[in-house]
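Please treat every number below as a calculation from the coordinates, not as lab data. Predicted, not measured: the structure shown is a model, and the values here were computed from it. We place every Cβ from the backbone using ideal geometry, glycine too, and count neighbours over all the protein chains shown.
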Amino acid sequence: MPTHLILLAAGEGTRMQSARPKVLHEVGAAPLFAHALASAAALDGQRVIVVGHLGDEVRAAALAHDPDLAIVDQPEQLGTAHAVTMAAPVLQGQGGDTLMLFGDTPFIRPETIADLQVKRADGADIIFLGFMARDPGRYGRMVTEGDNLNAIVEWKDADEATREIALCNSGVVLAETETLLRLAGSVGMDNKAGEQYLTDIAALGRAEGLSVKVVICEEEETLGINTRADLARAEAVFQARARSLAMERGVTLEAPDTVIFSHDTMIGRDAVVEPNVVFAPGVTVETGARIRAFSHLEGCHVGASAIVGPYARLRPGAELSADVRIGNFVEVKNAEIAEGAKVNHLSYIGDASIGARSNIGAGTITCNYDGVFKHRTEIGQGVFVGSNTMLVAPVSLGDGAMTGSGSVITQNVPGGDLAIARAKQANKTGLGARLMAKLRAAKAQKG
């Protein structure tokens, strides 16, 4: 039986003091709504529908994430049941079940969604997701008998006895599609908020004799984002999960709390990550590599047993093969560095390829930008580039070539050649002492 998805992406972010829509704020360098979609990625339904008062920015971001999403605007914010009815034209006749998640609740686990589906397969018609709250606050309360759900009462409408209940509603619901649409369409607005609550379908379903159940998850999964403080808490939850998962998979984190992951960071077994490393999006690190302290990686690949850092920066397009050495204060961008090559000190390698076992001396720069266009530097195998060499692209160095320290290389260097391109040194006898005396005298006159 297919399971479709409605993702409610409401909220303008006003409590976050932001011009950005709430669901576009990021956790783990990915928009909140993307985390919710990822949680439901295993669903086998044909329809994934994003509903809300979206605006062009959210619409564009959602379609950039997945061009097959169905986008449904909810111009009037009349409640969660109203949001479901707005999705009805897309879902009617599709059969199967429909799950509703929230774009600002990023941590519902795929395993929890599977638990909802198991309960549905066991015969429940409607299943809500609840959690035991440490501080129930203003959450809706779930009135139950065992796992049977009699009703969900919003805090505004609850009496004191109901407010004492600790089992709270997450808002997540799974039901047979036609049942969900029919009951959502019959929900009224007879409540203190003047909204159409989807939670009302619990009591409506019970009144029809339907089986309405509850599945309970950990409270952490239901964390919703409404403020900057919530966003910070969500980032902390994400990072804790990512660090724990990395270590479970065989990665050594020497100071876990100082390492920052992105949603798509991939690190192989027996890799070692030293303190204060940041993994921005798009990073893959192979087995046995070591990322040394205070390095920043983004959009790059680090080969097996390579060493990066400390204080290194790998930018998008950096491709490091096995056993490469990238040292302190080295920046690499859009460059392929072959097996065993070394760039160990204070260098910039951009728009370049470096062959196997080549050594790039300290202070080397590939001068890749002429103010309009980017140009490439091609360095062959076994090349030795002397310290403080400027490689003015486009330029190539053949296999086994060398450059003298302090050279500015503007022409291709054939394989096996030594290129020296620097001004002839001239020593002016006594001029250094005379110039220094003159400068000191001028300084003394100024007092």
| request: Rounding to the nearest 20 debye, state how big the charge dipole of region 239-419 is about its Cα centre with +1 on each Lys and Arg Cβ and -1 on each Asp and Glu Cβ. | output: 240 debye
| query | What are the residues whose amide H is under 5 Å from the amide H of Ala362, where those residues sit 5 or more places off or on another chain and H is modelled from the backbone? | reply | Ser387, Asn388
| the chain, relative contact order [Cα under 8 Å, separation at least 6], % | 8 percent
| request: Per residue, how big is the convex hull around the C-alpha atoms of region 3-222? Give it to me in cubic angstrom, could you? | output: 125 Å³
| message | Of the candidates Gly205, Gly415, Gly432, which one comes out as most mobile in a Gaussian network treatment of the chain with C-alpha springs shorter than 10 Å? | response | Gly432
| task | State, in angstrom, two size descriptors of the chain derived from its alpha carbons: Rg to one decimal place and Dmax to the nearest whole number. | result | 30.3, 105
| query | About the Cα centre of the chain, what is the dipole size in debye to 20, counting +1 per Lys and Arg Cβ and -1 per Asp and Glu Cβ, all else neutral? | reply | 3480 debye
| Packing rank of 152-158, 81-87, 68-74, where each peptide gets the mean count of other beta carbons within 10 Å, highest leading | 81-87, 152-158, 68-74
| Pairs of Lys in region 3-222 closer than 28 Å at Cα, counting only those 8 or more apart or on different chains | 6
| message | Among 399-406, 372-379, how do they line up by average Cβ neighbours within 10 Å per residue, starting with the highest? | response | 399-406, 372-379
| query | GNM, the chain, Cα, under 10 Å: largest mean-square fluctuation among Val90, Val278, Val385? | reply | Val90
| message | Assuming 0.36 nm per residue, please report the length gained on full extension of the stretch Met132 to Asn412 beyond their Cα-Cα distance. | response | 93.8 nm
| task | Kindly put Asp147, Asp125 in sequence by how many other C-beta atoms sit within 10 Å of each C-beta, fewest to most. | result | Asp147, Asp125
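What is the sum of charges, Lys and Arg at +1 and Asp and Glu at -1, for the other residues whose Cβ falls under 12 Å from the Cβ of Ser396?
Summing Lys/Arg as +1 and Asp/Glu as -1 gives -2.
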| Beta bridge orientation in the chain: antiparallel %, DSSP, nearest 5 | 20 percent
